[in-house]
Amino acid sequence: DIGVTGVQTCALPIYDVIKFLSRPELLARIDFEPKFDPELLEQEVPDVAYHIAPTQNEEKIKKIGLAPKSKEKISKHPSRVYLASSADGVEILANHPSFRKNELLTIFEIDLRGLKKVRKIRWFSDPNFDDEGGFYTYENIPPKYLTAVKRIKRE
């Protein structure tokens, strides 16, 4: 069909469209993400977590803490602060395309035990980083709970 605006429309049932788009020669993978990720229970959140950021942002992070960001992500969603349950897990992200332009990166350790004592924060599982214990929040993490523990020089 040709619509009024000249844009071609499709009269195929959705299952035919999915079947067509699922052909191996077109795509390697199609991901369907839920609108809301599973919320973690407080006892599922570790006492210590890790975050990686460009070293050029280190002083600002030490002053204002970790503020949710959403730029240059694969999918659209509200701003988030991403964490991992281990330093090794977050270090894997040093080679992620979003950090390519940064020569120096800093890993921060976050004292979630202390934070949980003073504030109730909602945490959500990160299905795209689940193997490394990835999770996130929509809230700020104050600087008094952060310590820069390692710097990485990218090659």
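The values are calculated or read from the model by the stated rules, or taken from the named source; none is laboratory data. Predicted model, so just to flag it, every value in this text is computed and none were measured. Note that we place each Cβ from the backbone using ideal geometry, even for glycine, and neighbour counts take in every protein chain shown. Ligands, DNA and RNA are excluded from the accessible area calculation, which covers all protein heavy atoms including side chains. Shrake-Rupley method; radii C 1.70, N 1.55, O 1.52, S 1.80 Å.
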Is at least one residue of region 63-85 modelled with pLDDT under 95, in contact with a helix residue (DSSP H, G or I) (Cβ under 9 Å, 6 or more places away or on another chain), part of a helix (DSSP H, G or I) and under 17 Å from Val149 (Cβ atoms)? no
Kindly provide the set of residues from region 110-122 that are farther than 21 Å from Lys150 by Cα, charged (D, E, K, R) and assigned to a helix (DSSP H, G or I), ordered by number. Lys116, Lys117
What residue, among those in region 13-25 that are in a loop (DSSP other than H, G, I, E, B) and open to solvent by less than 100 Å² (accessible area, probe 1.4 Å), is modelled with the highest pLDDT? Pro13
Looking at region 123-134, is at least one residue within 23 Å of Glu58 (Cβ to Cβ) and part of a strand (DSSP E or B)? yes
Residues of region 119-132 being touching an Asp or Glu at 6+ places or on another chain (Cβ under 9 Å) and within 17 Å of Ile107 (Cα to Cα), in sequence order, are Glu132
Which of the numbered conditions does Val118 fail, given that it passes all the others? Conditions: (1) closer than 16 Å to Asp47 by Cα; (2) in contact with a helix residue (DSSP H, G or I) (Cβ under 9 Å, 6 or more places away or on another chain); (3) open to solvent by 20 Å² or more (accessible area, probe 1.4 Å); (4) not acidic (Asp, Glu). (2)
Residue match in region 84-103 (condition: under 19 Å from Val45 (Cα atoms), touching a residue at least 60 places away in the same chain (Cβ under 8 Å) and under 13 Å from the mean Cα position of the chain (by Cα)): no
Unmet requirement for Ser98, which otherwise passes all of (1) outside any strand (DSSP E or B); (2) buried (at least 18 other Cβ atoms within 10 Å of the Cβ): (2)
Would you point out which residue out of Ile107, Ile52 is open to solvent by less than 40 Å² (accessible area, probe 1.4 Å), out of contact with any Ser or Thr (no Cβ under 9 Å at 6 or more places or on another chain) and either farther than 17 Å from Tyr145 by Cα or part of a strand (DSSP E or B) (or both)? Ile107
Scanning for something of a type in the set (D, E, K, R), open to solvent by 50 Å² or more (accessible area, probe 1.4 Å) and under 13 Å from the mean Cα position of the chain (by Cα), does region 132-147 turn up at least one residue? yes
